[in-house]
Amino acid sequence: MKLLFANRNYSSWSLRPWLVLKHFDIPFEEELLTFHEPNYKDVFAVKSPTGKVPVLVDGELVIPETVAIIEYLAELFPEKGIWPQDRTLRAKARAASAEMHGGFIGLRNSAPMNLRASFPGRVPVDDVADDLKRLEALWGGMLEQSGGPYLCGAFSAVDAMFAPVATRIRTYVLPVSDVSAGYVEAIYALPAFQEWLAEAIKEPWIVERDEIDFIQAQSAQGKIQ
Ligand SMILES: N[C@@H](CCC(=O)N[C@@H](CS)C(=O)NCC(=O)O)C(=O)O
């Protein structure tokens, strides 16, 4: 089984299934498809049916799309507890994951994942206020119910889905409650996350279009909403 993924510093979707594979100790090979070169789309198009990563390749099977990859892994390894065992918790975890996949657009657009960076105060709080409010309610409710330190108690797929969000809170020092700050800490404390982070920090490549300066300049010109 092989996971194709992109630059660790920037590729938030890549991080999610990689964390699941690594944390749950599933053997896999890695293939890094870097997206800082001008022709990266040509390379991605050959390797990925969607032209995007992550992609999981298992024999003849090629799975693009993060959620489908995680579901496939959960089916292959039911004993690993990739989703919570408890059906109610599992339903909540899946709902939160689906909400993450389709939502939090303000946060995703205004505060791109950039693991090696620290930009306190660079993201106007108004741009992300609604998403932060929703995160507080969602994370707060799940952590209260489970007792933490992860959303459903032990680390599960829903935490992999939210890990890149946690990094945005840290990179841009976004204002959150102590409970949410504690959750961000828990994500950073995860050994699998630390491993990804250590590699991300070593990457030499700058992807201009994923840097906050570029994104804010585009936004000022009305090119990004
Ligand atoms: N819906 C996809 C999104 C994947 C995605 O947007 N991946 C980004 C990297 S984080 C990508 O491949 N971007 C390359 C491009 O859009 O040209 C998923 O859930 O896996």
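Which residue is nearest to SER11 (Cα to Cα), if the candidates are limited to segment 43-59 and must be free of Cβ contacts under 8 Å to residues at least 40 places away in the same chain and within 11 Å of the ligand (Cβ to nearest atom)? Per the stated criteria, the residue is LYS52. A count restricted to segment 176-225 and to residues that are part of a loop (DSSP other than H, G, I, E, B), at pLDDT 95 or above and within 26 Å of ARG134 (Cα to Cα) stands at 4. Would you confirm whether any residue within segment 20-30 is closer than 14 Å to GLU199 by Cα and either surrounded by fewer than 16 Cβ atoms within 10 Å (Cβ to Cβ) or touching a Pro at 6+ places or on another chain (Cβ under 7 Å) (or both)? Yes - at least one qualifying residue is present in segment 20-30. Kindly provide the set of residues from segment 72-86 that are assigned to a helix (DSSP H, G or I), under 19 Å from the mean Cα position of the chain (by Cα) and more than 14 Å from the ligand (Cβ to nearest atom), ordered by number. The one that is assigned to a helix (DSSP H, G or I), under 19 Å from the mean Cα position of the chain (by Cα) and more than 14 Å from the ligand (Cβ to nearest atom): ALA74. Restricting attention to segment 35-71 and to residues that are buried (at least 17 other Cβ atoms within 10 Å of the Cβ) and among the hydroxyl-bearing types (Ser, Thr, Tyr), the residue that is nearest to the chain's Cα centre (by Cα) turns out to be THR66. Hey, can you tell me all the residues within segment 130-163 that are surrounded by fewer than 24 Cβ atoms within 10 Å (Cβ to Cβ) and of a type in the set (S, T, N, Q)? Listed by number, the residues that qualify are GLN145, SER146. Could you please let me know if ALA166 is buried (at least 19 other Cβ atoms within 10 Å of the Cβ) and without any contact (Cβ under 8 Å) to a residue 24 or more places away in the chain? For ALA166, the condition - buried (at least 19 other Cβ atoms within 10 Å of the Cβ) and without any contact (Cβ under 8 Å) to a residue 24 or more places away in the chain - is met. Would you mind stating whether SER97 is at pLDDT 95 or above, over 17 Å from TYR10 (Cβ atoms), among the polar types (S, T, N, Q) and crowded, with 17+ Cβ neighbours inside 10 Å? Spelling it out, SER97 is indeed at pLDDT 95 or above, over 17 Å from TYR10 (Cβ atoms), among the polar types (S, T, N, Q) and crowded, with 17+ Cβ neighbours inside 10 Å.
Among all positions in segment 111-129, there is no residue which is part of a helix (DSSP H, G or I) and within 16 Å of the chain's Cα centre (by Cα). Of all residues in segment 6-28, none are more than 8 Å from the ligand (Cβ to nearest atom) and assigned to a strand (DSSP E or B).
The values are calculated or read from the model by the stated rules, or taken from the named source; none is laboratory data. Nothing here was measured: the structure is a model prediction, and the numbers come from that model. Cβ: placed from backbone, ideal geometry, glycine included. Neighbour counts: every protein chain shown.
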